[in-house]
């Protein structure tokens, strides 16, 4: 709906509506590929500084065209951001989207269980934290 109105897509998750469920599915689909998961985890480790595209490719042994395809999929899912820096592009993990996805997945976790050990770990991952 937001894109039909010319507004930017939402990059957070809510627990109640179809659109947010669609966003969660897109994020999980993007992370469901081994190479994209490796890229995303590398960017999470890099924190707010992010990594240059070439550095990501070198670190993961991935050709530029393959890397570009996977970064595009992660960006389309709202999990990474890209910042042009001259001829190069710096990619960063979208921590708000990641934390929103975790919150979406764990919302009402174990609500039907009396087992206290079932509850999800509290607290969100922030840039610079050891998550």
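Quick look at the numbers
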item: When residues of region 73-113 are limited to those that are touching a strand residue (DSSP E or B) at 6+ places or on another chain (Cβ under 9 Å) and in a helix (DSSP H, G or I), the one farthest from residue 51 (Cα to Cα); result: 97
item: So residue 100, is it out of contact with any helix residue (DSSP H, G or I) (no Cβ under 8 Å at 6 or more places or on another chain), at pLDDT below 95, under 25 Å from residue 21 (Cβ atoms) and surrounded by 17 or more Cβ atoms within 10 Å (Cβ to Cβ); result: yes
item: Every residue from region 39-71 that is at positive phi and surrounded by 15 or more Cβ atoms within 10 Å (Cβ to Cβ); result: 47, 50
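The values are calculated or read from the model by the stated rules, or taken from the named source; none is laboratory data. What you are looking at is a predicted structure, and each value in this text was computed from that prediction instead of being measured. Because the Cβ atoms are built from the backbone with ideal geometry, glycine has one as well, and the counts that use them run over all protein chains shown.
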